[in-house]
1. For the range 187-200, what are the residues that are under 17 Å from the mean Cα position of the chain (by Cα) and not in a loop (DSSP other than H, G, I, E, B)?
2. Quick one: what pairs do we get from the range 168-186, first residue under 24 Å from residue 309 (Cβ atoms) and in a strand (DSSP E or B), second among the small types (Gly, Ala, Ser) and modelled with pLDDT of 95 or more, C-beta under 6 Å, 6+ apart or different chains?
3. Considering 160, 174, which residue is surrounded by fewer than 24 Cβ atoms within 10 Å (Cβ to Cβ) and either at pLDDT 95 or above or closer than 21 Å to residue 224 by Cβ (or both)?
4. Which ones in the range 4-58 are outside any loop (DSSP other than H, G, I, E, B), at pLDDT 50 or above and more than 17 Å from the chain's Cα centre (by Cα)?
5. I'd like to know if the range 75-90 contains one or more residues that are out of contact with any Ser or Thr (no Cβ under 7 Å at 6 or more places or on another chain), modelled with pLDDT of 95 or more, within 27 Å of residue 182 (Cβ to Cβ) and not aliphatic (A, V, I, L, M).
6. Could you grab me the full set of residues in the range 49-74 that are closer than 26 Å to residue 106 by Cβ and surrounded by fewer than 21 Cβ atoms within 10 Å (Cβ to Cβ)?
7. For the range 224-256, give me each residue that is touching a Phe, Trp or Tyr at 6+ places or on another chain (Cβ under 9 Å) and either within 18 Å of residue 196 (Cα to Cα) or among the basic types (Lys, Arg) (or both).
8. Within the group 103, 98, which residue is without any contact (Cβ under 8 Å) to a residue 24 or more places away in the chain, surrounded by fewer than 22 Cβ atoms within 10 Å (Cβ to Cβ) and over 21 Å from residue 239 (Cα atoms)?
Amino acid sequence: MCHKKGVGEESYVSMDTTLHRILVVGSNGLLGQKMAEHLLRGTVYHIILCSVEDAAVRNLEAAPYWKLDITSHKEVRELVADTSPDVIINCAAMINVDACETDRDLAWSINVKGVEYLAEAAKKRHATVVHVSSDYVFDGKNGPYAEDDKPDPLSYYGKSKLASENVLRSSGVSHVIARTMVLYGYAAGVKANFALWLVQSLRSGQTVRIVDDQIGNPTFVDDLAYGLLRAVELGKTGVYHIAGRDIVSRYEFAVRLARVFGLDESLIIPIKTASLKQPAARPLKSGLITLKAEVELGYKPSSIEHGLEVLKTQMRHLHA
């Protein structure tokens, strides 16, 4: 059963139904929180938030919160019927690549079946599904990749994300698939992403070993949220690559982060991916070409330095 938290039922059902209703799935995560922020800056949408936790990490009066487990067919069906969204933005996913490799049933349940349930419910409502995918659908041998390059995932995580894309393609539902990579940013109560982990580690004087043979474009989460919002505003469908401007190694990103944050870059030791002996294979020469999003969505990807400067300011303000 879906349980709504926060705003009372009466205030919700009395809303003006001429405005677009947008359901943000996975709203407690990093991207979900940023998506809600971007949507709430205007007054043209009714926003409904949902995530697997009992309560919202931030109580936003303008956006009622519902508890939802997307692996439950019944919960998804009931929530979409109750809220009648015009657009469903799916920010929920199992993104721990090695955990996906070792717990494949859970990865498939969240990353594929959950999308299947959302698509099925959206079809009954004639809603559009906006879904976030990954550069891990590619093998990382010939990056950077354009939207029409052939996927060939190496890991189970990548396979699950490609399967989720195929679910939408075959569903008959109007949809946007946004591939992104190396997402970083700051929001309330989120797990440490690559950039936050680096800042915390370097501030505490720890040596960090970072791979110098995984190449791609680190993506500031606010940029991704903006790109998704533009796709919604413009009524777009199809596949878009929404990622950062600069294509660099993880090691290079770490060094540039240390410089922006005024941390000791000598603590960053370059290593090779093979030395980590991780359960899941990683695409090495990856990266996403964002030209289509730039032209069709007016997307303007941040440079690494700009994204990190904004991140630094956000961390300072939220800690103040």
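The values are calculated or read from the model by the stated rules, or taken from the named source; none is laboratory data. Every value quoted in this text rests on a predicted model; they were computed, and no experiment measured them. Backbone-built Cβ (ideal geometry, glycine too); neighbour counts: all protein chains shown.
1. Going residue by residue through the range 187-200, those that are under 17 Å from the mean Cα position of the chain (by Cα) are 187-196.
Those that are under 17 Å from the mean Cα position of the chain (by Cα) and not in a loop (DSSP other than H, G, I, E, B): 194, 195, 196.
2. The qualifying pairs are 180/243; 184/195.
3. Working: 160 fails: surrounded by fewer than 24 Cβ atoms within 10 Å (Cβ to Cβ).
Only one candidate qualifies: 174.
4. Going residue by residue through the range 4-58, those that are outside any loop (DSSP other than H, G, I, E, B) are 4-5, 9-13, 20-25, 30-40, 45-51.
Those left that are additionally at pLDDT 50 or above: 20-25, 30-40, 45-51.
Passing the criteria: 20, 21, 40, 45, 46, 47, 48.
5. For the range 75-90, residues out of contact with any Ser or Thr (no Cβ under 7 Å at 6 or more places or on another chain), modelled with pLDDT of 95 or more, within 27 Å of residue 182 (Cβ to Cβ) and not aliphatic (A, V, I, L, M): present.
6. Going residue by residue through the range 49-74, those that are closer than 26 Å to residue 106 by Cβ are 49-57, 65-74.
The answer is 52, 53, 54, 55, 57, 67, 69, 71, 72, 73, 74.
7. Correct list: 230, 244, 250, 253, 254.
8. Details: 98 fails: without any contact (Cβ under 8 Å) to a residue 24 or more places away in the chain.
One residue alone meets the criteria, 103.
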